[in-house]
1. Subtract the Cα-Cα distance of GLU176 and ARG396 from 0.36 nm times their separation in residues, and report this length gain in nm to one decimal.
2. How large is the dipole of region 436-554 about the Cα centre if only Lys and Arg carry +1 and Asp and Glu carry -1, each at its Cβ, rounded to the nearest 20 debye?
3. Counting Lys and Arg as +1 and Asp and Glu as -1, each charge on the Cβ, what is the dipole of the chain about the Cα centre in debye, to the nearest 20?
4. Can you list residues from other chains, or at least 5 along the same chain, whose modelled amide H is less than 5 Å from the amide H of VAL386?
5. When ranked by the protection proxy of mean other Cβ atoms within 10 Å per residue, highest first, what sequence do the peptides 362-374, 176-188 form?
6. So what is the orientation-averaged projected area of region 65-125, using the convex hull of its C-alpha atoms, in nm²?
7. In debye, nearest 20, what is the charge dipole magnitude of region 207-275 about its Cα centre with +1 on Lys and Arg Cβ and -1 on Asp and Glu Cβ, if you could check?
8. What residues from region 745-767 fall in the zone where the backbone N is under 20 Å from a label point 7 Å along the Cα-to-C-beta line of ARG689?
Amino acid sequence: MVRADSSEPVTEVTTTAPVATRRTYAGLFLVALVTLMYEVLLTRIFSVTMWYHFAFVAISIAMFGTSVGALLIQLRPQSFPLALGRRQLARLSLLFPITLVLSFLTQLSIPFRVHPSLVAIYAIIFTYAVIAVPFVVGGMCVCLALTRFPSRIGPLYAADLAGAAAGCVLLPLLLEITDGPTAAIAIAAIAALGAWSFAQDANDGALKRAAAVLLVALALCATGHTILVWRQFPILRILYVKAGFEARPLYERWNSYSRIRVDGDPNRPEKPYAWGQSTAYQETPVRQLHMDIDVAAGTVMTRYTGAPEELDHLKYDVTNVAYYLRPNPRALIVGAGGGRDVLAALAFGARSVVAVELNRDILQTVNGRFGDFTGHLDRDPRVRFVNDEARSFIARERAHYDLMQVSLIDTWAATAAGAFVLSENALYTVEAWTTFVRHLAPDGLLSVSRWYFRERPGEVYRLASLASTALERTGIARPRSHVIVIRNVRPDEAAGGPDGIGTLLLSRRPFTDVELRTVEDVARRLRYEIVLSPVFAADRTFERIANGGALDEFFRSFPINIAPPTDDSPFFFQLLRLGDVFRPQLLRQGKSTHNMEAVLVLALLLIGVSIMAAIAIALPLAGARRLRGDAQLVTLLVYFGAIGLGFMLIETSQMQRLIVVLGHPTYGLVVVLFSLLLSSGIGSLLTERIPEAALARAAWSRLGMLVAVLGIFGAVTPPVGRAVESAVTPVRIAASVLLLFPPGILMGAAFPLGMRIAARYPVALTPWLWGVNTATSVAASALGVAIAISHSISAAFWTGLACYVVAFVGYLTAASRLSR
């Protein structure tokens, strides 16, 4: 029997545990699959409804719900007797899809507004609490499944990891079929299937019928609504986005890393898209449609019938100033978007245009759905559209280009790979720019445009840092003679946005006197301002950066981080160092505070999840007085906390690193998560072969080997990434999988081995230890990003390895003490 004391949330175990069946494994597999799918889907949903840093907070708090579920079981053991384990699993798993749907509908109905008022703060807290509810229920399901069948912990944990691995593959496929809100209903239907499997395992007729009815109802709703989505008339849609209330669009399309939305009147001329437009332009209305990606990143599709006058306005945009120096070029456009840069190249008489676009659905929208409006640019013999990641495409190209243009390529959205993991960052690193420079023609130009802020143009400073460093890496001793920066700052921009646009021109050879006079003439005629050239500097910061040389001390002393990003720290848009959160004056930078605030939010999140993790560890201990000071218990808590931290630090660091290598957020998500989770599941399954008498030796054969393999992995991953940079995507994916599988197999052994050692403890600890493991994993997701931003991806990885060293020592200690 199980002796329970209501004042003591830790129970002594003296009974024989039930045996898991195939239906148990199937139910756990489906619950884990749904949990991962819904977590990633919420990242996608929050990219639309929240700013990305708040999305990161929301996901972290939601996932902390799994720890809360485990703690509820540990703190209320009398409510979860062993004899009722199967039936309680069936009931909780039936509650899982119900809470998922209700939670999802509730959070969609709450406008998310960041405002210094009590109502706004309450709405944010309420939103976060509502989001966490289904994760609490799902966490209870997983915890019960893993702790009520201790003799099969290895296969059960393998089923849990395999389900999560399948979920990260299935969600991108689901979002190719339907939209985000409908995907939530479809995921709930899968959860109902898991409930039916657990009900079958419990042999409860009423629960089986309820689960079957719920499954059919949710499946029919998902199928029917998908048909409405295909017809562009969904009735379940997002109404409140980060920009306010959102009306029904002309067209909407979802995938695993973006939501594309088109609106506007195709028959009504309007003022041209004007962020970079010269005030010298006598504005003639043009017909255009607006396309946004996750609300915050926007572009336009311009009506084009082939008439040259339709493109005149593009000759007055500062993003296109490079064409005055390189007329009729062989051009490469990074980020085709709505086709505006392609039209600009044609307006200046480009001989050929290669337009590279990461997002396949953008190309389909521009050239397919709205092809008649945009003039079917894909049919122009001068134009070639390429669906690929620009950096790897350029690295593979043998051709050299007269002009490469990168205009305002960014997103402040949370990709499916994580809110602080942005695919475009791979374009803004020293290694990427070195590749770009080497693929320019001898007199080629690289043109890069970014938002410009009067108070402190941090992003354009960073562009200059990248240019100077990349030029020096290619053997150019005096980078300043190769760089020009021009800005177009408009006096009438609305408060809260950028003041204008700055364009950096990098030439592979020094600019000539004739070219400098041309730039001055164009700037004078179009009312632009030159802030840096080989002979002039309006800003001492630009001048110091462009002169090159030893800049490390200058970058360290500068108020914000304008050092050139590298592949090991590719966070171009994060201009604050983590320590700068203690300098609040840097958060008040006028219109450029948005990304500044993101670092503050990350720091607060790190503090918050650390406190929650500490509570998850301390709360059960507070109610179990007889365990306080128990050295064996402390060793187990340290062990499970260390493997939780270590696994997530390794996972997040490799996701950040391999997104740079693979160049695509979905590839980063699927390859890293699927490879690590599946290989870890295999490793967990293999622990079943280890007899009880050999558990102590397993520390050396599994955990010792894990530490050694992770050390080798950390050393070889960066050079392998550089070696496959120019390879085709399947080769880069294969190399990534081969790298991830060996450490993944060994990482998967750590949890079941620890649980088997913990089973020797005289009282039941397994729900608590599972909760500690998940809580520290959530904390590590924030810690990993903080370390990567403030130091490097490598630093986050080596911190994860250090956690596994601690776990190795902890396992040896626990195994020795509990075997006496």
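The values are calculated or read from the model by the stated rules, or taken from the named source; none is laboratory data. Predicted model, so just to flag it, every value in this text is computed and none were measured. Here Cβ is always computed from backbone atoms with ideal geometry, including for glycine, and neighbour counts include all displayed protein chains. Note: accessible area is taken over every heavy atom of the protein model, side chains too, but ligands, DNA and RNA are not part of it. Shrake-Rupley method; radii C 1.70, N 1.55, O 1.52, S 1.80 Å.
1. Length gained between GLU176 and ARG396: 76.4 nm.
2. 200
3. Here the size comes out at about 1580 debye.
4. ALA355, VAL356, GLU357
5. Numbers: 362-374: 19.4, 176-188: 22.8.
Ranking the peptides 362-374, 176-188 by packing returns 176-188, 362-374.
6. One quarter of the hull surface, i.e. the mean projection, equals 5.7 nm².
7. Working: 11 positive and 5 negative charges, 57 e Å.
The dipole magnitude comes to about 280 debye.
8. Residues 745-757 qualify, since their backbone N sits under 20 Å from the label point.
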